Ligand SMILES: [Fe+2]
């Protein structure tokens, strides 16, 4: 018995909320990747699937940083289970402290991903470009170019932790979806 929505229910939720086609394609990509990593890590795959599909629900309303907060509010109103709300709320960057959140104009709350499912969706999303996965190195280079050194360090640490939990480098797992170009 579960109240985690199925894949089709999640896709209906995204569509009814008004998410654009590119957002839905991105959510499906993050879902495929998260399931591969989640399977290797022994995570709850039902939760990973629904959380990954719904992580960008808030992009139906805004593409700003607040999409995680707005998405969590939308999920709450829809009566979705707390573990999914948490995945949505904690997927920005590689998590952030209350102080960092406040400095970015977000509610002053810690929002580090904590459970395996939260960490997997957050990190696979970090590695996801529009239509493919970047390697960790490509992702870190882009973050550092943007001056986001702290985010890069956290992403690297998250990657190492997931590698240990999966017994495999997530880059290698994600490469089986399709090879990152360039
Ligand atoms: Fe997002």
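The values are calculated or read from the model by the stated rules, or taken from the named source; none is laboratory data. From a predicted model like this one, the values you see are computed outputs, not experimental measurements. As a convention, Cβ positions derive from the backbone with ideal geometry for all residues, glycine included, and neighbour counts pool all protein chains shown.
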Practice prompt. Filter the range 34-79 down to residues that are away from the ligand (no atom under 16 Å from the Cβ) and farther than 24 Å from residue 177 by Cα, then give me how many there are.
Written response: 4
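Return yes when residue 97 is out of contact with any strand residue (DSSP E or B) (no Cβ under 9 Å at 6 or more places or on another chain) and either farther than 23 Å from residue 38 by Cβ or buried (at least 18 other Cβ atoms within 10 Å of the Cβ) (or both) and no when it is not.
In short, yes.
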Fill in: Selection count, the range 84-105, where residues are within 13 Å of the chain's Cα centre (by Cα) and assigned to a helix (DSSP H, G or I)
6
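For every residue, the table says whether it meets (1) assigned to a helix (DSSP H, G or I); (2) modelled with pLDDT under 95; (3) out of contact with any strand residue (DSSP E or B) (no Cβ under 8 Å at 6 or more places or on another chain).
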{"residue": "117", "(1), (2), (3)": "yes, no, yes"}
{"residue": "121", "(1), (2), (3)": "yes, no, yes"}
{"residue": "126", "(1), (2), (3)": "yes, no, no"}
{"residue": "131", "(1), (2), (3)": "no, yes, yes"}
{"residue": "138", "(1), (2), (3)": "yes, no, yes"}
{"residue": "159", "(1), (2), (3)": "yes, no, yes"}
{"residue": "165", "(1), (2), (3)": "yes, no, yes"}
{"residue": "168", "(1), (2), (3)": "no, no, yes"}
{"residue": "179", "(1), (2), (3)": "no, yes, yes"}
